[in-house]
Structures are given as structure tokens and as C-alpha cells.
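What follows is a single structure, written as C-alpha cells, with notes after it.
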Amino acid sequence: MAYYNEHIDMKINAANLDVTQKGIPYEDICCMARHAEIEARFYSENRFRLIKTMMHQGLAPKYYKVHKFPIKALHDENQKSDIICDI
């Protein structure tokens, strides 16, 4: 459980770093910052559900598996919203 939690912390922290780029006057960077806000919020609000699901599925604590799972969950849940910018 700790491994999953630490990985989600890392994803939240990385997204929050990208959010700081909101004021940059380049649309692609602003888009990245907007997407990062969605990511940080999703991972923060769904941390325990994601961890519980990973544990329930017996997801091995391997970096590539734990890295991909929350990203897929984010995109599955937001597939109808515009989380990817049209640049």
C-alpha cells in the first residue's frame, strides 16, 4: 500500500510543478498546465480509490505498472471531457 501511495504522491507533486507554468505565454505550455491541474485534482480526490483498486487487482508494485494504472484511470474517467488540448 505504501508503494502505491508514494507513487500517487509523486504524480501529484509532478502535476503541481506543471501547474506553475500557467502564466507562460505559449499555448502548448498553458495547455500542459491546465491538464496538470486536472491530473493533480483527480489523483488527490481519488487516491484511496486508486490504491484500493490496485490492491484489489493484485497489481504488482512494479514502477511501470503503478505508473500506468492511475494515468489510464484518469483518461478512462475523463474520456468525454476535453483533457487534451487542441493545439
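Coordinate-derived values only; no laboratory data. Please read all numbers here as calculations on a predicted model, not as lab measurements. In this analysis, Cβ positions are derived from the backbone assuming ideal geometry, glycine residues included, and neighbour counts consider all displayed protein chains.
Here are some notes:
- Note on Glu45, Glu39: ascending count of other Cβ atoms within 10 Å places them as Glu45, Glu39, the fewest first.
- When each of the peptides 14-24, 65-75 is scored by how many other beta carbons lie within 10 Å of its residues on average, the order from highest to lowest is 65-75, 14-24.
- Pairs of Lys in the chain closer than 21 Å at Cα, counting only those 8 or more apart or on different chains: 13
- Over segment 2-77, all Cα pairs binned in 5 Å intervals from 0 give whole-percent P(r) values of 3, 17, 26, 22, 15, 9, 5, 2, 1, listed from short to long.
- Using alpha-carbon coordinates, inclination of helix 63-77 to the longest axis of the chain, degrees: 60 degrees
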